[in-house]
Structure formats: C-alpha cells, structure tokens
Amino acid sequence: MGEPRFGWPSRTAPLLNVAIDEGQGPIVVLIHGINSSSESWVNVVPLLSPLYRVIAIDLLGFGKSVAPAEATFTLDEHVAALHATIRSLHLKGRFTLVGHSLGALISSRYAAIYRREIAQVVLVAPPIYANEAYITEFGDRTVVKSYLRAYKFLRSNKEQTMRRAAWLHRFIPVKALLIEERYWGAFSLSMEHCIEGQTTITDIAQITAPVEVVYGSRDQVLVGDGIERLARLQHVTVHEVPKNDHFVRPALAREVARVIR
C-alpha cells in the first residue's frame, strides 16, 4: 500500500503538536480520540515513562495542533499529518502505536500503510462499525444504524451539541476538551469522514504487526459485532476491562500498559 493522497497536494502536510516526549527506551506513540487532546493520556503516561520513551501527539485541529483552513479532516489527512510529524522526530527503529477512539481508527490506517515502522498496535476503545449490509445480527445492525444517526445529528446541530458537551464535561473525571468554536470543524468533519465513513476492519486486516484491542465492558459506543470481527483476525488479541466505559480511566490505563509490556 502506497502513500496516502493528502488533502493539500500543493504543500507538505502540517506538523502536529508533540505534547509529550519523555522517558527513554522503546518508543510508544499515543494518539488521542475525538473532542480531546493528549491530556487524555494522563493515566497512561506515568505507567509507561519509567520504561519507555513516550510520545503523545495532538491530532490535526485538536489540542495545540492547528489545521489549514481548507482541511476536510479525512482519515488520509490525519494520517499524512501524523506521518509528517513522526518523521520529523527522526525515530530509530520500530515503535508501538497506541490510538484511542478516533485515534484508533487513524492508527489502524497508519499501521496498514507504514508497516515497516510499526512493532505493535494497541487500539483502545475503537468505535468500529462494519457496513450494515454485512452485519448478521439484527440487534447489532439496529445499534449501528442508531449510532450513525446520532453522530449525524451531533455534527448537524452545532449549538445543541456544544451545550450538551459542556454539561457532560462536568461529569467526566478524565481530561478532555469541550467542543469549543475553534475545534468544531475538526470535530464535525472527523466525525463524518473518519468515524461514519470508516473502513477500519479492512485497514486492520492489512496490518502485519500484532494488534491488541483494549476496551471497557461498559463502553457506550462499541458494538459487539465490531469486536467479534476483530477477534476473528489471527493477528488480533482482544482484552476486555470490566466496568470501564469509553474513557481512559485508571483500570483501562493499566491494561494498556500491561499489553504494551
């Protein structure tokens, strides 16, 4: 698989903000999810930095990473910016790539393209939805349809979504961004082009490195069919964390650190 076509062919991909680069040893690169930043890894970094060089990168348009005005936030644009940033760090040897939520989808595409760079892939709470035509269980098919309708509603109703996110933010005990005006484009277009229009199962099937999937038993956005499809792939190992939801809370962080070690 060759290089992705970037959304701005007349210029190089923008460099992203490297929010964390600490520790020594084998390299672990952390990619956060939608409506978030590298601060979402606050429970993971202390578990890894004594043994690893831990790098956390803010995605295109999130955290302190800027995006050109013409960005459409496709998966290939996210991957191209991520690759340009990783290349600028001049890393030696293969590294472990860890992605949470939207970051898991981006990491899957990255690892499918840049196979020689990757030693291991860890997908944390990946919101993987197969095409409904290929989902055999009626219940799972119904759930996928309802999630996709909900995502479309969220990105199509800006003011209501921002108010709801501000209210929910008060009850989330992990660091995440509010959906502020400056992040709306990255949020809504990434939702549409990366999550709703994904082909992530196909990407994961093309990864040659071992893939570990870590998710909570109470995850609000995962569908059983997606996890079951991943578990059937020979190079994928699935790990369920009891009583954890979609966020990287301490129990989920400990399991991520364990599978990396």
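The values are calculated or read from the model by the stated rules, or taken from the named source; none is laboratory data. Source: prediction; values computed, not measured. Don't worry about glycine lacking a Cβ; one is built from the backbone with ideal geometry, like all the others, and counts go over all protein chains shown. Side chains are part of the model used for accessible areas, which takes the heavy atoms of the whole protein and leaves out ligands, DNA and RNA. Shrake-Rupley method; radii C 1.70, N 1.55, O 1.52, S 1.80 Å.
Brief remarks follow.
- In segment 1-14, the residue that is modelled with the lowest pLDDT out of those that are surrounded by 17 or more Cβ atoms within 10 Å (Cβ to Cβ) and out of contact with any Lys or Arg (no Cβ under 9 Å at 6 or more places or on another chain) is Phe6.
- Some residue of segment 129-143 being surrounded by fewer than 24 Cβ atoms within 10 Å (Cβ to Cβ), outside any loop (DSSP other than H, G, I, E, B), among the aliphatic types (A, V, I, L, M) and at pLDDT 95 or above: no
- Search result, residues across segment 21-40 that are out of contact with any Asp or Glu (no Cβ under 9 Å at 6 or more places or on another chain) and free of Cβ contacts under 8 Å to residues at least 60 places away in the same chain: Glu22, Gly23, Gln24, Gly25
- Residue among Arg155, Arg164 that alone is of a type in the set (D, E, K, R), touching a residue at least 12 places away in the same chain (Cβ under 8 Å) and touching a helix residue (DSSP H, G or I) at 6+ places or on another chain (Cβ under 9 Å): Arg155
Table: residues versus (1) open to solvent by 30 Å² or more (accessible area, probe 1.4 Å); (2) modelled with pLDDT of 95 or more.
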| position | (1), (2) |
| --- | --- |
| Leu82 | no, yes |
| Gly103 | no, yes |
| Arg115 | yes, yes |
| Arg149 | yes, no |
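- In segment 196-214, the residues that are of a type in the set (D, E, K, R) reach residues that are assigned to a strand (DSSP E or B) and crowded, with 18+ Cβ neighbours inside 10 Å with C-beta atoms within less than 8 angstrom, at least six apart or across chains, in these pairs: Glu212/Gln120; Glu212/Val121; Glu212/Val122; Glu212/Leu123; Glu212/Val236.
- Only helices (runs of 4 or more DSSP H) whose full extent lies in segment 144-261 are considered here, and the ones with at least 1 residues that are among the aliphatic types (A, V, I, L, M) and farther than 27 Å from Gly63 by Cβ are 200-205, 224-231.
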